[in-house]
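Asker: Input: one structure, supplied below.
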Amino acid sequence: MADSQFGLFSLVSDSGPVVLAVLFLLLSFSVVSWAIIAYKFGHIRKSRHESDEFLDCFFEISNLDRVFAESEKYRNGSLARVFRAGYLEYRATGKVGETERIRRAIKREVNVENKRLGRLVPFLATVGNTAPFIGLFGTVWGIMNSFHNIGLTQSASLAAVAPGISEALVATAAGLAAAIPAVMGYNYLIQQIGTIERDLEDFSGEFVSACLEKSDTPPSA
């Protein structure tokens, strides 16, 4: 195991400047991708959890003012954010019948939530799409150098070309190592975000009528 690790380190350390630059770029992509996956996983998980808790609260409490007060506990939940935007617009209108402004306020907040949830996620798709090709570029460049060295040394023996080809193939492996987690993380996060977006649309469609029915007191001017 130690010999293989040392051999891999030697391949990397002996690589040319172009291959080293490719490996450094792919390593940077990988580190940033893992950071985004970890951050967005926690962020989306918390949003879904607090949205579920808020939804239970919304259906259990009949008074909108009390629901609004309780929504302070769920500020990371997307549903709570949408509710607060609709409620504040509802209180600002001063008229129960002016539902169009409430719908627009809800729509704006849904759009804001969708952008907030999707922030940074497209970077994972970019890494997944480009990292293999960047690694392939490093591989092609390394193999070109190997053939160039064959011409200089006038030797095509395996011992002469194997080190150069091996270090070139490391770039392809690095590209795949960066791309595969990024693609898997992207697909998972998109699926979770899509679930939240559908919940927001369902909640928004029923918000106005359900909230106005729940209101025990007329809105203040």
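Asker: Filter segment 13-28 down to the residues that are in contact with a Phe, Trp or Tyr (Cβ under 9 Å, 6 or more places away or on another chain) and assigned to a helix (DSSP H, G or I), then identify the one that is surrounded by the fewest Cβ atoms within 10 Å (Cβ to Cβ).
Answerer: By that ranking, first place goes to Val18.
Asker: Related question: Considering every residue within segment 76-83, establish whether at least one is small (Gly, Ala, Ser), buried (at least 19 other Cβ atoms within 10 Å of the Cβ), in a helix (DSSP H, G or I) and at pLDDT 90 or above.
Answerer: Yes.
Asker: Tell me which residues, restricted to segment 36-47, are open to solvent by less than 20 Å² (accessible area, probe 1.4 Å), farther than 18 Å from Glu109 by Cα and not basic (Lys, Arg).
Answerer: The one that is open to solvent by less than 20 Å² (accessible area, probe 1.4 Å), farther than 18 Å from Glu109 by Cα and not basic (Lys, Arg): Ile36.
Asker: If I ask for residues that are over 11 Å from Asn76 (Cα atoms) and aromatic (Phe, Trp, Tyr), which ones from segment 42-63 would you list?
Answerer: Phe58, Phe59
Asker: Of the residues in segment 173-221, how many are open to solvent by less than 60 Å² (accessible area, probe 1.4 Å), modelled with pLDDT of 90 or more and either of a type in the set (S, T, N, Q) or not in a helix (DSSP H, G or I) (or both)?
Answerer: Residues in segment 173-221 being open to solvent by less than 60 Å² (accessible area, probe 1.4 Å), modelled with pLDDT of 90 or more and either of a type in the set (S, T, N, Q) or not in a helix (DSSP H, G or I) (or both): 2 in total.
Listed here are the residues, each with its yes/no results for (1) in contact (Cβ under 8 Å) with a residue 12 or more places away in the chain; (2) among the aliphatic types (A, V, I, L, M); (3) within 23 Å of Asn111 (Cβ to Cβ); (4) in a helix (DSSP H, G or I).
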residue	(1), (2), (3), (4)
His49	yes, no, yes, yes
Asp56	no, no, no, yes
Phe59	no, no, no, yes
Val67	yes, yes, yes, yes
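Asker: Name the residue that is modelled with the highest pLDDT, counting only residues in segment 93-151 that are among the polar types (S, T, N, Q), farther than 30 Å from Ala35 by Cβ and open to solvent by 40 Å² or more (accessible area, probe 1.4 Å).
Answerer: Applying the filter and picking the extreme gives Asn145.
Asker: Spot the failing condition for Ser33; the list is (1) touching a residue at least 40 places away in the same chain (Cβ under 8 Å); (2) more than 30 Å from Glu167 (Cβ to Cβ); (3) crowded, with 18+ Cβ neighbours inside 10 Å, and only one is missed.
Answerer: The number of the failed condition is (2).
Asker: If you take the residues of segment 58-69 that are touching a helix residue (DSSP H, G or I) at 6+ places or on another chain (Cβ under 8 Å) and open to solvent by 10 Å² or more (accessible area, probe 1.4 Å), which of them is nearest to Leu120 (Cα to Cα)?
Answerer: The selected residue is Phe68.
Asker: Same structure again: Out of Glu89, Glu72, which single residue is without any contact (Cβ under 8 Å) to a residue 40 or more places away in the chain, in contact with a Lys or Arg (Cβ under 7 Å, 6 or more places away or on another chain) and either of a type in the set (D, E, K, R) or open to solvent by 80 Å² or more (accessible area, probe 1.4 Å) (or both)?
Answerer: Among Glu89, Glu72, only Glu89 is without any contact (Cβ under 8 Å) to a residue 40 or more places away in the chain, in contact with a Lys or Arg (Cβ under 7 Å, 6 or more places away or on another chain) and either of a type in the set (D, E, K, R) or open to solvent by 80 Å² or more (accessible area, probe 1.4 Å) (or both).
The values are calculated or read from the model by the stated rules, or taken from the named source; none is laboratory data. Keep in mind that this is a model prediction, so the values were computed, not measured. Reconstructed Cβ throughout: ideal geometry from the backbone, glycine too, with neighbour counts over all protein chains shown. Ligands, DNA and RNA are excluded from the accessible area calculation, which covers all protein heavy atoms including side chains. Shrake-Rupley method; radii C 1.70, N 1.55, O 1.52, S 1.80 Å.
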